[in-house]
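Q: The structure that follows is given in the form of structure tokens.
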Amino acid sequence: MPLAFEQPVYVSRPLLPPFESYSRLLEGVWGRVRLTNKGPLHDALEDALRHHLHVGHLSLTSSGTAALMLACRALDLSGEVITTPLTSQATLHALTWCGITPVFADIDSATLTLDPHAVERAITPRTRAILGVHVFGIPCDVHAFAALARRYNLRVVYDGAHAFGTEINGETVLTSGDATTLSFHATKLFNTAEGGAVIVQDPEHKRRIDLLKNLGIQDEVTVVLPGINARMNEFAAALGLANLPIVEAEWAARAAVAEIYRSRLAGIEGLDLLAFPRGVRNSHHYFVIRIRGGRVSRDGLYESLKEYNVFARRYFWPLCNTQPSYRDLPSSKPENLTAATRAGEELLCLPFYGELGTGGAHRICDVIEHVSAGRSR
Ligand code: T4K
């Protein structure tokens, strides 16, 4: 069998439910003629997700980016917030849109999440919060950040865009800190095409987020907060309700793909697998490899895979601190962010979704073995 795939294989492929289960929900939308503004499917999905994720207060939003902005507003954050450069631009832009100055701190090179020691060194009298990212579903050191928050009187927000289903010792990571945001973008394990959510501990924060995402409207004649429109509509909520019953099966299918990748790629020289900390349940959003010191460079492998119709991604390179919007910040200097800079140059996300199947995973491993051995097509 030739090694190249006949059709392009992308880094992700959105989970879609059987069409009938979605169309059944749409019949209700047509019947009610209620398309958005806290419709019944919106409320049903909020309830279903609260139960599924074992969290107390959850508010749906129109995207993960909007969820981050709402979390910052609900907690009244201002001044400086310390965060990681190894993340989506969305994490940084949310801060900027809220008038907050991002301050970069380095990551731990093993977990790829913010290093608590680097965070402590970055704290100034203007620091109001830590914004950790459970990047690739690897949980931040939530205990260390809770301790820093107590010592320096800070808020802690987590960008959990990749952490739907991440657990530590059987407990969800989503209830750590003051707020955790989720993304339900098409490329995420659980998707509503576009969407997201904020999970908070304090019911007053949930009340504020519900107001803020609806333009601050309390009733027909009263607007109590300067909100935005970040509501989830009924079509997105319907997709979420249809996808939720099949998300565990998707997770299991991805776990099987991950098992093939792990067993086949472990022995390849210069290629490392990410080690999840003990007791952590992997959310299986991404399958990430790290390429260093072998015969083929990260960028070499990325380019070679394309020749076989395999489109891996170099998330999150170039790092946020190198982009025009942020590179002039004092904390953006690469010498301040050595572990993140190295990771940014070495990480590669392989195609990862249930439909790839173990057969697809084996074929991709065949290609990687072939390319890593220095052979050409
Ligand atoms: N925080 C973190 C840590 C995040 O990673 C993100 C988003 C956010 C916050 C913000 O959440 P949102 O506001 O987006 O809800 C993608 C996503 O657009 C973005 O949501 C995600 N992170 C980021 C890591 O990845 P791109 O530019 O890489 O996506 P794109 O369009 O290249 O898609 C990747 C592949 O997926 C395509 O090659 C093909 C496949 N695909 C994609 C879409 C959209 C499909 O097969 N069908 C589709 O509909 O950003």
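Q: Among all the lysines, which ones have a C-alpha under 28 Å from Lys213's C-alpha, if same-chain residues fewer than 8 places away are not counted?
A: Partners within reach: Lys38, Lys188.
Q: Where Rh denotes the Kirkwood radius from the mean inverse Cα pair distance, what is Rg over Rh for the chain?
A: Rg/Rh: 0.98.
Q: Could you sort the peptides 297-309, 130-142 by per-residue average Cβ neighbour count (10 Å cutoff), highest mean leading?
A: Most protected by this proxy first, the peptides run 130-142, 297-309.
Q: Test of understanding: ordering Ser62, Ser332 by Cβ neighbours within 10 Å, fewest first, what list do you get?
A: Neighbour counts put them in this order, fewest first: Ser332, Ser62.
Q: What value in Å³ per residue do you get for the convex hull of the alpha-carbon atoms in segment 54-209?
A: Dividing the Cα hull volume of segment 54-209 by its residue count gives 101 Å³.
Q: Hey, another quick one. Extent of segment 258-344 along each principal axis, from alpha carbon coordinates, in Å, largest to smallest?
A: Result, largest extent first: 43, 38, 23 Å.
Q: Ratio of segment 233-295's C-alpha Rg to 2.2 N^0.38 Å, to two decimals?
A: 1.52
Q: Restricting to DSSP H runs of at least four residues, report the calculated mean residue ellipticity at 222 nm for the chain, -39500 (n - 2.57) per run over all residues, nearest 500 deg cm²/dmol.
A: -11500 deg cm²/dmol
Q: So, one more: Sort 90-96, 237-243 by the packing proxy (mean of other Cβ within 10 Å over each peptide's residues), most packed first.
A: My ranking of the peptides, most packed first, is 237-243, 90-96.
A short reminder: the numbers here are calculations on the coordinates, not readings from a lab. The structure displayed is predicted, hence computed values, not measured ones. Reconstructed Cβ throughout: ideal geometry from the backbone, glycine too, with neighbour counts over all protein chains shown.
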